[in-house]
1. Please find the FRET efficiency linking Glu449 to Glu84, where r is the Cβ-Cβ separation and R0 is fixed at 25 Å, and quote it to the nearest 0.05.
2. Specify whether the C-alpha gyration tensor of region 64-155 places it in the rounded, prolate or oblate class, a ≥ b ≥ c being the square roots of the eigenvalues: rounded for a/c under 1.5, otherwise prolate if a/b is larger than b/c and oblate if not.
3. Using the charge dipole of region 430-571 (Lys, Arg: +1 at Cβ; Asp, Glu: -1 at Cβ; taken about the Cα centre), state which of Thr464, Val532, Ile474 has its Cα farthest towards the positive end.
4. For the chain, what is the charge dipole size about the Cα centre, in debye to the nearest 20, if Lys and Arg each add +1 at the Cβ and Asp and Glu each add -1 at the Cβ?
5. Charges on Cβ only, +1 for Lys and Arg, -1 for Asp and Glu, centred on the Cα centroid of region 159-271; of Leu264, Gly184, Phe239, which one is farthest towards the dipole's positive end?
6. Please report, in debye to the nearest 20, how large the charge dipole of region 145-243 is about its Cα centre when each Lys and Arg carries +1 at its beta carbon and each Asp and Glu carries -1 there.
7. What shape does the chain have by the C-alpha gyration tensor, where a ≥ b ≥ c are the square roots of the eigenvalues, rounded means a/c under 1.5, and otherwise prolate means a/b greater than b/c and oblate the rest?
8. Normalised by the number of residues in region 233-296, what is the relative contact order in percent for Cα pairs under 8 Å and 6+ residues apart?
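Please treat every number below as a calculation from the coordinates, not as lab data. Everything numeric here is computed off the predicted structure, so don't read it as measured data. Virtual Cβ from ideal backbone geometry, glycine too; neighbours counted across all protein chains shown.
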Amino acid sequence: MVKRGADARRVVVLGFDGADPGLLARFRGEGVLPNLDALARDGGFLPLATANPAQSPVAWATLGTGVNPGRHGVFDFLHRDPEEYRLYLSITRPKGRGLAGTPIFQPPLAAAPFWERAAAAGVPAQVLRWPLTFPAAGKAAVLAGLGTPDIQGGLGRYTLYTSGEAPTGTERRGETIVLGPAAGGRHATEIRGPRTSAEGFARLPLAITPRPGAVALECPGAALILEEGAFSPRLSFTFSVGLFKKVKATAQFFLVRAADPLLLYLSPLGIDPADPVFPISSPAEYAPELAAALGTFHTLGMTEDINALKDGVLSPAAFLASCEEAMAENERLLDRALAAQDRGLVCAVFFTPDRIQHFFWAGLDADHPFNRKAAGGGLLDRTREFHALGARPIREIYLRLDRLTGKVRSALGPRDVLLIVSDHGFTTRRRDFHVNRFLVREGAMALGEEVGREGFASVRWDATAAYACGFSGIYINTAGREKHGTVTSDRAAAAAAELVAKLKALEDPATGLAPVRNAWLRHEIYKGPRVVDAPDIVLGLEPGYEVSSETALGGCPRELFADNDRPWSGTHLCDPAAVPGVLLANRRIASAAPSVRDLAPTVLAALDLPVPEELEGGSVL
């Protein structure tokens with residue numbers, strides 16, 4: 001082991017998900033980020049090389065562990081089971097159900113994070129909302145982040161109550177409940193809670209009474225008047241899921257429309273931090289202690305409801321209000337941690353910058369297809385509202401991060417070390433690349449119908465040599481590994497290399513650009529025992545392109561490329577060299593080219609702890 005000295009009393013790590021070095025430099029130049037600018041001048045500011053691929057789970061896993069995906073085992077948002085061609089999330093991993101029927105989860109990381117190394121050495125450590133920390137376990141005080149499920153064990157589905165017909169599209173990402181005729185002026189409906197069987201849910205009664213510009217809501221434990229365009233307070237619900245067993249949840253209502261047809265939104269049902277049904281914190285009493293001190297708060301890993309905004313159920317203004325609420329909640333959690341702990345390690349991750357840049361990037365890109373899209377006129381069409389806002393929300397979230405930075409700096413002592421990191425930067429997303437259509441065109445995939453349904457439902461495996469899923473990966477259909485493999489193991493590497501050559505030669509006829517800037521064979525970029533789980537080919541696309549969501553889910557649309565004319569206009573799912581993250585510190589940065597692998601050894605060295613030899617980076621201070 002290598003040991004490095006340090007004089008730090010406390011190390012504070014702030015994670016700003018998606019903070020982009022180009023935008024940070026631009027806004028610094030405009031003089032609107034005084035606190036981040038002072039930090040950069042006093043210590044340092046550099047782009048931070050991200051993981052490959054440049055996806056949040058992969059990068060945060062690397063930031064936390066200091067090793068590459070071949071060792072920590074996270075390669076994409078979506079992984080696949082080769083024995084069944086089944087897709088599963090890398091960030092939330094169920095492994096069956098307990099005696100009461102509730103899901104049991106397994107840890108997503110195969111390597112130890114730096115905070116557990118610190119805690120094992122006796123250093124006090126609090127870690128707030130770091131991704132891939134669910135289920136929470138270990139010696140550090142951890143409140144889990146990205147990957148924390150809702151009370152059903154999923155990533156969270158909103159509910160839309162309506163007195164009219166179900167709006168088109170909402171059934172995919174949410175659940176729409178069409179209200180029956182009002183009896184005595186009231187609609188009687190229900191709140192659907194956790195599953196009690198394969199078909200059934202625990203339920204609570206809900207009464208909705210329309211009023212001019214508002215609704216009256218009544219459910220067990222709550223009765224309130226909610227005005228149009230307003231969120232309710234965060235409410236607590238208790239569901240009975242069996243003999244003597246209760247599950248507690250929290251959620252918020254938002255009245256989208258009071259006039260007929262009424263539209264009422266209910267957020268995904270999050271785990272109640274005061275009485276969690278799943279292990280969202282370590283030790284188990286940590287989350288209840290936070291709730292007792294600060295009041296209830298969001299626990300869902302995807303706190304901001306991007307699905308409701310994609311569907312138009314939430315307006316951009318409502319979504320931004322929810323983002324500010326999430327930022328303020330996380331800031332209160334951080335304030336408490338800093339006040340309670342004057343030595344050791346404090347970490348907190350803020351996800352809102354990523355969400356806002358995904359949705360409002362078209363405001364920075366005059367040539368983005370969404371800017372040419374006309375409003376459709378439907379009840380949930382938010383096109384005009386997005387166009388009116390432009391890129392202002394992006395500028396405002398950087399100003400918000402600056403104020404947070406100033407507040408944290410004022411709480412530091414002279415011997416404290418402050419590190420600010422992001423997992424990746426951002427760029428525009430103008431075109432979607434349907435990778436499975438490319439494989440069909442090249443004769444590497446066969447379909448039983450013209451358009452391939454998601455989940456590989458249309459794939460003829462006996463005539464398929466390769467398939468794509470997730471946002472960066474292609475797998476060779478290898479005999480002895482995949483259930484219906486057709487490519488012998490001695491031929492698999494050559495088959496992958498042939499596809500790489502064809503991918504790099506591909507041209508988009510609509511733009512004249514090569515959409516694939518880089519494509520790597522897995523052994524070229526990964527090392528370690530988990531390499532066997534990696535895609536055979538990892539794609540690094542030209543900025544402006546993204547692997548389509550249909551591809552990610554195992555689908556195959558008819559066309560090879562498509563314009564992205566949706567508000568989800570920003571991306572980081574491209575060549576990692578094009579979207580580095582940021583590193584800022586209040587000490588001089590000694591490295592000219594820091595990487596996400598350097599954070600773990602930097603923190604350990606700053607705490608005057610041994611840096612294990614298996615860590616792949618080094619201290620940058």
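1. Numbers: r = 21 Å, r/R0 = 0.83.
The calculated FRET efficiency here is 0.75.
2. Details: a/c = 2.26, a/b = 1.38, b/c = 1.64.
Oblate, since a/c reaches 1.5 and b/c is not below a/b.
3. The residue sitting farthest along the positive end of the dipole is Val532.
4. On the way: 66 positive and 69 negative charges, 193 e Å.
My answer is approximately 920 debye.
5. Phe239
6. Working: 9 positive and 9 negative charges, 31 e Å.
It comes to approximately 160 debye.
7. On the way: a/c = 1.38, a/b = 1.07, b/c = 1.30.
Since a/c stays below 1.5, the shape of the chain is classed as rounded.
8. Values: 85 pairs, mean separation 15.4, N = 64.
After rounding, I find 24 percent.
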